Structures are given as C-alpha cells and as structure tokens.
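Report on one structure; see the data block that follows.
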Amino acid sequence: MNLPKIHSISKKILVGALGAFLSFFLLFHASANLLILRHDGGEWYNAFCHFMGTYLIVKVMEIGLIAALLLHVVLAIWLAVTNKMARPKGYHKPQRSKTHTGSKLQVWTGILIFACLIMHFTDFYFVKIGLVKGKYLAKTEDVVALKTTQPDAFNYAEQHGEYSAKENWLTNFDKEDKAVLEAAGLEVEPDFYHQAREKFKVLHIIIAYLVFFTVVWFHLRHGFAAVFQTFGLYNYKYGKAIEVLGQIYTWVVCLMFAVVVIGVYFGL
Amino acid sequence: MKLDSKIPAGPLAEKWTNYKASQKLVNPANKRKLDIIVVGTGLAGASAAASLGAMGFNVDIFCIQDSPRRAHSIAAQGGINAAKNYQNDGDSVERLFRDTIKGGDYRAREANVYRLAEVSGAIIDQCVAQGVPFARDYGGLLDNRSFGGAQVSRTFYAKGQTGQQLLLGAYGALSREIARGTVKLHTRCEMMDLVVVDGRARGIIVRNLVTGDLERYAAHAVVLATGGYGNLYYLSTNAMNSNGSAAWVCHRKGAAFANPCYVQIHPTCIPVHGDYQSKLTLMSESLRNDGRIWVPKKKEDAESIRAGKLKPTEIPEENRDYYLERRYPAFGNLVPRDVASRAAKERCDAGYGVGTGFAVYLDFADAIQRLGKDVVEQKYGNLFQMYQKITDENPYETPMMIYPAIHYTMGGLWVDYELQTTISGLFAAGEANFSDHGANRLGASALMQGLADGYFVLPYTMQNYLADQIYVGKISATTPEFDAAEAAVKQRIENLMKNSALRQAQGPASLKTVDHFHKALGKIMWEYCGMARHTESLTKAKKLVSELENEFWKSVFIPGNANEFNPELEKAYRLEDYFELAQLVIDDAMHREESCGGHFRTEHQTQDGETLRDDERFMYVAAWEYQGHGQPETMEKEPLVYEHIQIAKRNYK
Amino acid sequence: MKFTLHIWRQENARAKGHFETYPLEGISPDCSFLEMLDILNEQLINDHIAHPVCFDNDCREGICGMCGLYINGRPHGNDDGITTCQLHMRKFHDGDDIWIEPWRAKPFPVIRDLVVDRSAFDKIIQAGGYISTTTGGVPDANTIPIPKHKADMAMDAASCIGCGACVAACKNASAMLFVGAKVSHLALLPQGQIEAADRVHKMVCKMDELGFGSCTNTYACEAECPKLIKRQNISRLNRQWIGALFGRDRK
Ligand SMILES: Cc1cc2nc3c(=O)[nH]c(=O)nc-3n(C[C@H](O)[C@H](O)[C@H](O)COP(=O)(O)OP(=O)(O)OC[C@H]3O[C@@H](n4cnc5c(N)ncnc54)[C@H](O)[C@@H]3O)c2cc1C
Ligand code: HEM
Ligand code: SF4
Ligand code: FES
C-alpha cells in the first residue's frame, strides 16, 4: 500500500485543525438549535435552515464540513493504527501511569460519535438529501400562489399540516402529504423544526441523543486543550487558562444540545 | 624504561604557546588517511573524538554503555573551574594554577597544570557555544559558586548536573561528527587488550558485549579515556561499569602506571547502611558552601544519638562541635577534600560519630534561617530530594548524615606533556591518566581537566605524533600481533569460564559470585589501604589480597558462556585486573613513606594530625612498570621540579 | 520484607521469552530496587547455577539514564520523579507481587531479559540534536547574555537523561517528550536558534523513520519522566515544527 507520506506531527496538526473546525461548527450548530425552543411554529428555526440551504457559499461549506469530518476520521484512525504498530509486543501488566483518560478514549469516543452521527443523519440530514422521509414545509412564495390558484390543494395542506399566516408558510407535512403537494406543483423542503419536535418527544430517541452528547462531551473535553497543545500554543503561562476554557466550551456546547432535546421532551 | 616528560623550554607561561608554535602539523588532505581509536566517551573521550573528527581524522570511538551519553562524567554534580574572573574577585590563570598545585600537595607537574589553567577559560566559551545551560544571574551573565580549596568563586555550574550538561555538550559535538561520518560509534563494546606493533600502539581488541564476539580495530594512534579505577574499592561514588581494566591492559603491554596510591576520598557521601549496598551516593561538595559540618561535643550525646534516644535537633548549639570551623578557621567548611575526609574519620574514630557511628552531620538549619527555605531549595533542591529518596529523611528538617567515600583516582597511566604514555602512539586523557592533580584533586577540576585534554590538548599534541604516520599507510588488523592479542584475550576468557564449568560439576556449595570477591577486595582495600595507611596495614592488605585472589580462582562461578550477553563475565574480567592493580596500589602506598594529599601514612603526620610531606625524598612521580603476573613491579622516578612556584606547607588554617 | 517476583526472561533478541516467578525473602526496606535484583541474582547464581537476570544500570544515582524497568505497570516503578535505581523497597508492601518487564517499543528491541537497545535515541540526536560548533574559534562565554528564566527553562529541558521511560509509558510508544526536550533546550537559547528549523525537521523525520508512534496528548510521558520534563516541551516542539514547515530558513 502506498500511502502519501505525512510526518507524524503534520498528521496530528491536520487532525487537530479539522477537529477545531468541527468544534467551531458544533458551537454554531448548538446555538442555532436553541431556536427550536421558540414556540413559533418553526418560523425562526426553519428560516435559519432555509438560509443554510439556499446560498452557494453555505453549500460549499457544507461539503467542506462533511469532507472535514471524513478526513478527520480517516487521519485519526490512520494515526491510531500506526501508533499501535509502534508497540508490536505489549505489556503484561496494564499501564498504571497517571494520564489524561480522555485521550485514551479519543478513538473510541470518535468512533461512537461516528455511529451516533449516522443515527443523527437518518433523523435529519438524510431527509434533506432525500434518502429518508421526514417532515416537510413549502416555501413562502409558492404558498401565496397556491392559495389563489389551487384553493383545494391549499385547504388539504392546511388540514394536514400547519399554516402560518404571518410568514405564509405551510409546515409539518408528512411524506404522503409531500406527494400531494408536489403534484400540485409546490416545491417542498424538510421541516426540521417539526421534525425535531416530533423526534424528541420519543423517550428512547432522546436517551440516544443524550448518550451522543455525553460521548461528544468526552471527545471535546480532551480535544479542546489538545488542539492548543498540538498547535504549540500550550505553554507555562496560559496552560491553565486553556484547560479552563476547554471545560467551559465543552459544557456549554453539550448543555445547549441537551437543553433543546430535553426541553422539547418536556414540552417547552 | 626511560621517562621523558617532554616539557617544552621557556618560561612557564609561554611553554604551551611555544609548543603550539613549533609542533608538527598534518595537512588537511592527509588527515583523512589517518585512523584514530578513542576508547571512552566521557568528557575526555567525547571531546577528543569530536575535535579530532572535526579536524578531519578518521575516528572510531568505543564505550561500554548503550550510548556515549552515559559515560560516568554524566554524574558529576558540582561544577567546573575556569579562571575567567567574571566575579572580579582576583582570580587569574596564575591563581588557578597555584591553587591546583597547592591542592595537589606539590605532587603535580608545573607545566601541565599551568597549561590546564591557561585553557580553562576556552572550555567555558566552547561549552556555552554548544548550548550548555550554565546557571546565570538576573542580568543574564554567567554565575559562579565557590568550591573547596579556593578563595575565589570560579566554579561554573548547571544546577546540580554540571557533568551531565558538559557531557551532553560534548555528546552533541560527537553526534554531529558521527552524522558527518568522521567518527564511527561502537557502543556496548569493551576494550579487552591493546595491540602494540613495533613498539607503537596500533589497535585494540574489543568484545562486543551483546554477542560476545571478539573484534579487532587497527589505527595509527589510540587514545585511552576510560576513566578512573575507584571501583577497586567496590563501594565508591563511581558507576557500576567504571573500571580500571582498559588502563591496566595497557600497563601490561608496557605503559607505565603512575602514582596508583593517590586515591581521593570524598567527604560528603551518603553513609553506608547495609551489606547489600552496591554503591555510595555523592552529595555535591557545593553543599559545603552553606551547610555546616558538626558532631556532638560530648561523647554521651553521640552515644544517645546512635542508640536513637536523642535527635540531632535536640542538641543545643554549645554542645555541637563544628570541627572544621574549629580546626581550619580560614577555610572552615571549604577545606579540600582530603582534609575534610580525614577530619570526619578522626572524629568518628574518636567515638563522636552519629548514625551507625560512621557518619557526621551536614546541617542546613543556619542557611535556611539566613537565606530562607526558598533560596536553599533553589540552590540544592534536587540534592535534597535525592537524599530524601535514598534515606527517607527530610534534610530541611533534620541535618543530613554524611561520611567519606572513595571518589576519584589521581593515579593513572603515566603521560608526558603531550599526554602520550610510555608506549608511543598511546595517549591517555581524563581520569585515566595520572593527571594534573598531584596527590589530591580540587573540586570541579576533573571536568576541567577532561575537557582541556580532549578539546585543547590532544588535538594539538596528537598531530605532532601523527605527522610522520602518513607514510606508513593503512594499519592492517591481520598481522601476527593482532592474532596474538586476540588469542590471549580468548585464553583469558577461557580461563575464567573453564573454571566455572568445573565449579558447576561440583554443585552449588562451593560457588561464589564475582561480586562476592569484589566486595571482599573492596573491604580489604578500604580497611587497610584507604583513608589512613601504615606499614602494618599495608602488609596485611597485601597478604589478604593474594589470598583472596587464590580463592577467586578456586571458586568463582560465572554462569552462561562467553558467546552471549554476559554481565558476570564482564565483571570477572575486570576483577581479575583489579587484583593486580590492588597489589600495585599497596606497593606504591608502601613505598611512599610520607603523607601527601589523599595519601595519608599515619606514621607521617604533624602533631595536630595534618599530612607531613617529605619533599627531600618523595618529590617525584612514581611510574611503575609491569613485570609479569605476581612479580613485583619496578619503579622509575620522574623528579618534580618547581621553577615557578614557592613550595610551602599546605596550610588551610 | 518478602516478595514474589515475576520477571521477563528472554535469552536473546530472537528468543521468544516468558515470565518466570521467583520468591524472595529477607529484603530490607532501605534496599534499592536494583540492589534487590542483585540479591536475587546472587541467589540465582549460587543456589540454582542459573543465569542471572540481566538489566541495564550504571550510575545508580538517577543521572546516567541507563536503568529502566517497567514495574507493576509503571516505568521506573511506583513513585514520581525517579529512575528505577532510585526506587526503594520501602515503596512496596510486604508480600507484594512485583511484575518486571522490559521497555516495550518497536524501536527498542529486547537484547536480553530486561535489557533493550535504545540506540534509536542516539540516532535521533545524530540527526540534528546539537548546535554545530567546531572546537575553538567561539566567542567569549559572556558575549551573549541570556535571560535567567530562559536559561532556567533550557536547563529544565536539558536535564533529560535519555532513559526512554517516556516511550515506555506512552500508549503509542512516542518519543515526543524526548525529542521535545532536546528541541526546546536548544531553541530556548540564542545559540540554538540558528539551526532551529533544520533541527526540528531532521529530528522529527528521524523519529518517524525509526518507528516511534505519534503523540495523542495522553501525557503518560510527563507523568513518568524521572526528570519531570513537562509537556510544554512537546507543545514547543509542535510550534517549532509548524515554524519549520512555513519558515524560510530551512535548508
Ligand atoms: C559522583 C561524582 C561526582 C563528580 N563531580 C565532579 C564535579 O563536580 N566536578 C569535577 O570536576 N569532577 C567531578 N567528578 C569527577 C569527574 O566526573 C570524572 O573524573 C570525569 O568525569 C572523568 O571523565 P573521563 O572522561 O575521564 O571518564 P568517564 O566519564 O568515566 O568515561 C569513561 C568512558 O570509558 C568507557 N570505558 C571504560 N572502560 C572501557 C573499556 N574497557 N572499553 C571501552 N570503553 C570503556 C566508558 O564506557 C566511558 O564511556 C565527579 C565524579 C563522580 C563519581
Ligand atoms: C463532531 C464531530 C467531531 C469533533 C467536533 C471532533 C473534534 C476533535 C478535536 C477537537 C480533536 C482534538 C485534536 C487534537 O488532539 O489536537 C479530536 C481528536 C480526535 N478525533 Fe475527533 N471530532 C469529531 C469527530 C470524530 C470522529 C467521528 C472520529 C472517529 C474516529 C474522531 C476521532 C478522533 C480521534 C481519534 C482524535 C485523536 C487524535 C489525536 O489525538 O491524535 N473524531 N477530535
Ligand atoms: S524525557 Fe524524561 S522519560 Fe523521556 S527520556 Fe528524557 S528523562 Fe527519560
Ligand atoms: S543507573 Fe543511572 S539512572 Fe539508574
């Protein structure tokens, strides 16, 4: 096998850089999710999602994000494999050195994250690219047109979904409705607000998500300060501050995610 | 044997300059054609090999350990002297020279010592350029501390790890030459014999310690930098692999051995505490800068302490005997090592010892009060920690216990001004030669000497020797001399192993390990040829050593075989040489009927127990020539002529 | 005190190797760990005519870096900031089982029993772990003042003894602490800056080539380093590496 030669430290730096990029995204993602807690029929949240789905630059970033994730995973596993090879014969006695446990778990939490992400994608992202079915909404301009040209279809939609008069949005359709609306010439897109609100009403789903966030918590608790170390920014002066910042970041991100999930479940 | 010290003519201060101006040189193109073997990767060996390699010679370097960085120089703690006068306290080349001659009790060669003092400054420059992180003051300039036997602060240091940092500097320089291909490194290789062809040193036989194979190396010149033989005494501050064998096999081949009885006993070591003990740990001399040495004034107190009924901290100030300050008010706790060691022995022999009875206190209570715990911790923290790890006692709270131990050997292969032994082409550097320290070495001077030899002396003087060697061409390692040397080594190993096979057949009862004999030898030497010697003790020692040697051949057992990794065989090979060396040390001590420096004959002392030299009869270097196993050696004298310095009684009062 | 020792025995580099169990009695708590092994060896030779347990050691005072045993799951045993030769039996409990293994890492093959070949470290240093000087022709030592705190930091990094405990402790058998210590020592000094970029590049390439693993910021090395070398030195190594990748002054 002829793998490209990347020096160990460079590989590390790549994993770190991609990890840092993903972490930024997570913070962004978690903050945005808070919008789900607004009882506005999804106006704000769906507007946000709509924005994310419209502009080219955002789409490019989306591809970048997926690529970053995959590259992060590939490089990390590659590192883990070469690292294993550096000690062909192991110790009989398990190691008892004082270490950062987080780091030893990193690959495993990483792999778990990957598994959870598949679940997460089936719940949301795959709806968007049409791989699985979910909740849908129709766009504002179309709905205005529909109301006047095809009142039947509009009435059908209003009964099966929800109509927000203010924003002229039809939301909360199931996949059967989607076909009807599409036949009527409506352009539909996923309705993540209702999708989330539906999913997070189910106990086992929110438990799965809470596990997911815990795993992310572990991964980031080590990862945040580690990125500084990898980039050579961890020094005698700021070491402590970096650790603290890492803790704060990790808790904030994970709590924001958790609050939404739990909040929805308890009807907030 | 004819001793020619080859001291250049001219006034003392100009000798080295004159020598360098008139010596022969080897042109750069020819250097590549000349091979040099360096044995030893300590300060002397590593610095020599790095310098010679950089000059363009082909160098092969050997060491016993798995890496050149582990040579015993690494363990030196306190510091290195240099006449830089950075502290503006009146230091100069002249003063360092005088201190060293006086410290050596007027038994060193003037010209060598002067040269040593002269190049000392350049050593510091060299080391700083290599990145040796010497201690600095807040202005960013180099800091100094004071050491025994001097009234100026001229000792440069790197925490308590000066030897380590200097060696890593030299190791770096050596590594660079290895990378450039001018030096070839051979680790885990022990030199077993020297090969002499037509009166010149032409190669060595080594044993690959991993495979047990014997290998031959040929060269135009050989440098021996294999350290001292302090481990003759078994318990010493030296590392386990330090040995006298490399020098001894050269002695057997005709190199004179000088002043073997000059052995330095270091006053501040952690006392012996059990039979199983394998080595003694040095507590740096720098501790004497701030620590005060004392024993109880009253015998009853000493007894109660030994019985564990009294704690040292419970003894009031007026009942403590700060015997060094009492006896030597001018130098106090900073008297030279031999003086401090004997004073400790005197107190303990008189019944004032603490601990097991063979220990005195080194107390930091005053220093902690005066400077604060933080300052003391900064200065000596790692030493205190080391002490605590070993003894389980906290020196911040209770005084340390110390006792003298074998530390350094001033004796060694006789060398002339060019550091060449009596075998041409065989050079000796560092602790392995009989050195510039006379009968006693001052603290922080061995590092200076090792590096002076390697960086600044050998690179010049060896060229003088090698200049005409370009005509002899490559030296072959297949000549009869090499065959004979290798066969002899094989025979020696077989003798040791054959014996073992026999023992094995007889069953365990009669078996003894190598260490058993080494411990016994060490005890004899320490007891009867250690800090104090007299005719009777030496006679006794001689007899006991012979008996022990016979016993050794009868019942030593070396497991395994010679063609494998076999540490027991290594130890046995070295011990065999120690038996002969021990005899020579005793003979030398016997013949020198005076006390000087580290050599203290109880018959020759002043009324208040100080050394009593006999300059009339003994102002010479005793160079011994090997005459065959069990034969008394013959001695040649190199008279010491002091043209520059006024000889005086060594007085530290 | 009384112990049951389980020691890795392996006749040579090619042999398979196995654990052997030896009971040992009458050990003083003031005895050092290596002296305890001396006693065991004395008994092995005398009573069993067996080959003694081979282990590397030299200075026996924690400075040469020659000793190094993996004792009950910890390099240099159950104490902080010490080498194996500085470990004392009082750190154990009477009747303890003690498992003794050699350093395990691909670049440190076993030579015999507990002795491993660490020449890989020398090779890393040879790749560039020095300041190029030739003897003589250097400026006066006080020409370049160096701030005390920098000199002190350099000294702390330079105190590495090359024992390999960091590699032994690391789950990836990474040599980053060793390399980081040397790179830091030299990079912190003005003398070392001239070759800094080249040095870090060559040393890291050599480290990779020899088969050491890479760092995953686990810091077992820091926990086990007998000289308490800090992880900040690895961070500085990473920084130097980034500098070398993008800097101009590399050959
Ligand atoms: C604990 C301690 C502290 C000290 N502190 C100080 C101090 O503060 N200041 C000071 O000035 N001096 C000090 N000294 C003395 C000083 O360290 C030594 O005298 C000096 O370092 C010796 O250096 P060297 O190069 O001659 O030999 P070493 O450093 O002993 O090196 C010997 C080398 O020879 C090799 N060798 C030996 N035999 C063979 C063989 N047969 N075949 C192949 N290789 C062989 C070894 O492997 C090693 O590489 C101290 C000594 C000790 C023991
Ligand atoms: C939301 C997704 C993820 C985020 C935000 C993230 C973030 C990070 C961060 C910040 C680091 C620290 C980098 C460093 O040590 O310098 C890291 C390391 C790591 N990640 Fe992820 N990661 C994610 C997903 C994954 C996945 C899916 C895997 C799958 C295997 C994974 C495996 C690893 C591994 C093994 C490391 C350790 C690499 C090392 O220390 O050398 N990560 N990650
Ligand atoms: S960094 Fe520490 S553990 Fe690693 S080799 Fe150096 S001293 Fe040993
Ligand atoms: S034997 Fe030297 S460090 Fe342990």
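The values are calculated or read from the model by the stated rules, or taken from the named source; none is laboratory data. Note that the structure is predicted; figures quoted are calculated from it, not measured. Cβ: placed from backbone, ideal geometry, glycine included. Neighbour counts: every protein chain shown.
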| request: Go through segment C:41-56 and give me each residue that's within 16 Å of ligand 4 (Cβ to nearest atom) and not in a loop (DSSP other than H, G, I, E, B). | output: C:ASN41
| query | With respect to the numbered conditions (1) more than 13 Å from ligand 3 (Cβ to nearest atom); (2) free of Cβ contacts under 8 Å to residues at least 40 places away in the same chain; (3) out of contact with any helix residue (DSSP H, G or I) (no Cβ under 7 Å at 6 or more places or on another chain), which one is the sole condition not fulfilled by C:ALA154? | reply | (3)
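Per-residue answers, yes or no, for (1) surrounded by 15 or more Cβ atoms within 10 Å (Cβ to Cβ); (2) more than 21 Å from A:TYR209 (Cβ to Cβ):
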position: A:TYR45; (1), (2): yes, no
position: A:PHE51; (1), (2): no, yes
position: A:GLY90; (1), (2): no, yes
position: A:VAL107; (1), (2): yes, yes
position: A:ILE111; (1), (2): yes, no
position: A:HIS120; (1), (2): yes, no
position: A:ASP123; (1), (2): yes, no
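Would you confirm whether any residue within segment C:76-89 is farther than 21 Å from C:ALA169 by Cβ, more than 16 Å from ligand 2 (Cβ to nearest atom) and outside the structural domain of C:GLU222 (by TED's automatic domain parsing)? Quick ask: steps written out before the conclusion?
Of segment C:76-89, the ones farther than 21 Å from C:ALA169 by Cβ are C:89.
Next cut, more than 16 Å from ligand 2 (Cβ to nearest atom) only: C:89.
Now narrow it down to the ones that are outside the structural domain of C:GLU222 (by TED's automatic domain parsing): C:89.
Yes.
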| note | Restricted to segment C:206-221 and to residues being within 24 Å of A:GLY19 (Cα to Cα) and in contact (Cβ under 8 Å) with a residue 40 or more places away in the chain, the residue farthest from ligand 1 (Cβ to nearest atom) is C:THR216
| task | Name the single residue, out of those in segment B:225-249 being among the polar types (S, T, N, Q) and part of a loop (DSSP other than H, G, I, E, B), that is nearest to B:LEU458 (Cα to Cα). | result | B:THR226
| Qualifying residue in segment B:355-365 (condition: within 25 Å of B:ARG601 (Cα to Cα) and of a type outside the set (Gly, Ala, Ser)) | yes
| Restricting the search to segment C:175-218, which residues are facing chain A (nearest Cβ under 7 Å) and crowded, with 24+ Cβ neighbours inside 10 Å? | C:VAL204, C:PHE212, C:GLY213, C:SER214, C:CYS215, C:THR216, C:ASN217, C:THR218
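Kindly provide the set of residues from segment C:66-81 that are at pLDDT 95 or above and more than 16 Å from ligand 1 (Cβ to nearest atom), ordered by number.
Within segment C:66-81, the first condition is being at pLDDT 95 or above, and the residues that meet it are C:66-77.
Matches in segment C:66-81: C:GLY68, C:LEU69, C:TYR70, C:ILE71, C:ASN72, C:GLY73, C:ARG74, C:PRO75, C:HIS76, C:GLY77.
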| Where residues in segment B:156-211 are assigned to a strand (DSSP E or B), within 14 Å of chain C (Cβ to nearest Cβ) and not aromatic (Phe, Trp, Tyr), which of them is nearest to ligand 3 (Cβ to nearest atom)? | B:LEU185
| request: Mind counting the residues in segment B:379-428 that are more than 16 Å from ligand 3 (Cβ to nearest atom), hydrophobic (A, V, I, L, M, F, W, C) and within 14 Å of chain C (Cβ to nearest Cβ)? | output: 5
| Which strands (runs of 3 or more DSSP E) sit wholly inside segment A:136-253 and have at least 3 residues that are away from ligand 3 (no atom under 16 Å from the Cβ) and touching an Asp or Glu at 6+ places or on another chain (Cβ under 9 Å)? | A:136-138, A:169-173
| Do you know which residues across segment B:107-149 are away from every other protein chain (no Cβ under 14 Å), surrounded by fewer than 24 Cβ atoms within 10 Å (Cβ to Cβ) and assigned to a loop (DSSP other than H, G, I, E, B)? | B:SER146
| remark: Checked segment B:291-311 for anything touching an Asp or Glu at 6+ places or on another chain (Cβ under 8 Å), crowded, with 19+ Cβ neighbours inside 10 Å and not in a strand (DSSP E or B); matches are B:GLY291
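Listed here are the residues, each with its yes/no results for (1) in a helix (DSSP H, G or I); (2) of a type in the set (Ser, Thr, Tyr); (3) more than 6 Å from ligand 1 (Cβ to nearest atom).
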site	(1), (2), (3)
B:SER51	yes, yes, yes
B:ALA54	yes, no, yes
B:ILE61	no, no, yes
B:GLN65	no, no, no
B:ARG69	yes, no, yes
B:SER73	yes, yes, no
B:ALA83	no, no, yes
B:GLY90	no, no, yes
| Top-ranked residue in segment A:29-43 [being under 18 Å from A:TYR136 (Cβ atoms) and not acidic (Asp, Glu); ranked as surrounded by the fewest Cβ atoms within 10 Å (Cβ to Cβ)] | A:GLY41
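Conditions (1) outside any loop (DSSP other than H, G, I, E, B); (2) within 14 Å of chain A (Cβ to nearest Cβ); (3) touching a residue at least 12 places away in the same chain (Cβ under 8 Å), marked per residue:
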position	(1), (2), (3)
C:ILE39	yes, no, yes
C:ASP58	no, no, no
C:CYS64	no, no, yes
C:CYS67	no, no, yes
C:GLY77	no, yes, yes
C:GLY81	no, yes, yes
| query | Filter segment C:89-103 for residues that are crowded, with 22+ Cβ neighbours inside 10 Å and not in a loop (DSSP other than H, G, I, E, B); which is nearest to the chain's Cα centre (by Cα)? | reply | C:GLU101
